[in-house]
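Colleague: Below you'll find the structure I mean.
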Amino acid sequence: MSAELNRTELQSILRDLDQGNAYREAPRSQLEAALDGTGATPECPLDPHRAEMEKHIQKNYRRLRTQLPGCDGRCTSFGCPDLIVTRCWTGIKDDIL
């Protein structure tokens, strides 16, 4: 079955099954292995940034909410695309670091 699915569909299924947020550049073989239970969901290299941003946003939500419209600070569970995470991290990393 997984041979009929593209990588985006495999990533969506893993996310829907609460198997983590597989990153866009993950090899197809790793996604298939995670789906059939013979491997782990490949970790996204942005996950550490997501965790730091979530802590920072939650701690400073009142101040940041106008700068991040539509964001509730659930960086690790909301599933923002990698590009959005990168753009957000670039905008607030100086406050965090």
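All of the numbers you see were taken from the coordinates with simple rules; none came from a lab. Only a predicted model underlies this, so the values are computations on that prediction, with no experimental measurement involved. Virtual Cβ from ideal backbone geometry, glycine too; neighbours counted across all protein chains shown.
Colleague: I need the trypsin sites (Lys or Arg not before Pro) found in segment 31-97, filtered to DSSP loop residues with at most 16 other beta carbons within 10 Å of theirs.
Modeller: Counting only loop positions with at most 16 other Cβ atoms within 10 Å, the trypsin sites (Lys or Arg not before Pro) in segment 31-97 are ARG65, ARG74.
Colleague: Same structure, new question: Scanning the chain for GluC sites (Glu not before Pro) in DSSP loops with at most 15 other Cβ atoms within 10 Å, what's the longest stretch left with none?
Modeller: 44-97
Colleague: Just how large is the dipole of the chain about the Cα centre, in debye to the nearest 20, putting +1 at every Lys and Arg Cβ and -1 at every Asp and Glu Cβ? Let's see the in-between values first.
Modeller: Working: 13 positive and 15 negative charges, 126 e Å.
Dipole of the chain, to the nearest 20 debye: 600 debye.
Colleague: Test of understanding: what is the full-extension gain from ASP16 to GLN30, defined as 0.36 nm times their sequence separation minus their Cα-Cα distance?
Modeller: Full extension from ASP16 to GLN30 adds 3.4 nm.
Colleague: Right, next: Give me the angle, in degrees from 0 to 90, between the Cα long axis of helix 47-59 and the longest principal axis of the Cα atoms of the chain, rounded to the nearest 10.
Modeller: Between the helix axis and the principal axis of the chain, the angle is about 30 degrees.
Colleague: Using only DSSP helix segments of four residues or longer, with each worth -39500 (n - 2.57), what per-residue ellipticity at 222 nm results for the chain after dividing by its residue count and rounding to 500?
Modeller: Result for the chain: -16000 deg cm²/dmol, rounded to the nearest 500.
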